[in-house]
Amino acid sequence: LNFTLILLYCPFALSDSENATGTQMCHPDIYNFLKEFGVMTEKVRSMEAILKDSETRLKETTTRTKVIFSAAGGRGDISIGPFNTETTLAFKRVITNIGDAYNKYTGVFIAPVAGIYYFSIFYHSGRNGALKLYMNNHLIAMTHHDQPEQHGSKNGGNAVFLQMHTGDQVYVCLGPNSQVWGSNYHTTFSGYLVTPI
């Protein structure tokens with residue numbers, strides 16, 4: 001916003017008694033107007049700075065990194081496991097991977113930006129089942145069940161919010177001697193960036 005400075009002419013009359021002092025002050029109303037005009041000019045400058053900051057923040061919000069992924073076991077009619085040791089699962093069937101932070105070959109999600117992330121794991125199994133969610137080799141959450149006594153199957157799942165730094169890794173492991181179904185999207189691993197920090 002541009003303002004044009006308006007100079008106000010303040011006429012004054014010199015009387016014989018005023019000639020001794022040489023000048024007369026401007027009318028008080030004009031003085032108050034100039035004072036208020038100066039205050040308003042400062043307020044406008046302050047509002048311009050706030051507006052510019054708001055525009056910058058809005059632009060950052062609309063262009064910020066978007067990170068969303070969801071992947072499933074994707075092994076056809078084959079169950080995954082059991083293995084003798086804990087094994088990182090590579091969820092091969094990628095449903096969505098905005099931001100390319102999930103690697104379907106390693107099964108590892110790598111945070112592209114620092115922020116709060118949400119992750120969920122779900123599985124279906126007809127035997128002992130156990131999934132563990134890790135961040136940087138630290139167990140964060142798990143879900144498990146024992147094999148049903150009669151023929152049948154069980155479901156399990158868990159979810160968590162995590163504060164992550166750029167480069168932090170999250171992955172899911174199948175517990176030893178556990179099995180989950182890899183068919184028809186029964187077993188999934190999903191996550192998304194809630195907010196950058």
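Return the residues of the range 64-81 that are at pLDDT below 90 and not hydroxyl-bearing (Ser, Thr, Tyr); say none if nothing qualifies.
Arg64, Gly73, Gly74, Arg75, Gly76, Asp77, Ile78, Ile80, Gly81
I'm told Glu86 meets every condition in (1) at pLDDT 85 or above; (2) outside the structural domain of Asp168 (by TED's automatic domain parsing) except one. Can you identify the failing condition by its number?
(2)
So Val108 fits all but one of (1) at pLDDT below 90; (2) touching a strand residue (DSSP E or B) at 6+ places or on another chain (Cβ under 8 Å); (3) under 18 Å from Ala71 (Cα atoms); (4) not acidic (Asp, Glu); what number is the exception?
Every listed condition holds for Val108 apart from (1).
What residue, among those in the range 98-120 that are more than 16 Å from the chain's Cα centre (by Cα) and either part of a strand (DSSP E or B) or at positive phi (or both), is surrounded by the most Cβ atoms within 10 Å (Cβ to Cβ)?
By that ranking, first place goes to Tyr102.
Can you name the residue in the range 89-105 that is over 21 Å from Gly175 (Cα atoms) and small (Gly, Ala, Ser) and is also modelled with the highest pLDDT among such residues?
The residue in question is Ala101.
At negative phi, assigned by TED's automatic domain parsing to the domain that holds Val94 and modelled with pLDDT under 85: which single residue out of Pro176, Pro148 fits that description?
Sole residue among the options that is at negative phi, assigned by TED's automatic domain parsing to the domain that holds Val94 and modelled with pLDDT under 85: Pro148.
The values are calculated or read from the model by the stated rules, or taken from the named source; none is laboratory data. Bear in mind that the values here come from a model prediction, so they are computed numbers and not experimental data. All Cβ positions, glycine included, derive from the backbone under ideal geometry; neighbour counts span all protein chains shown.
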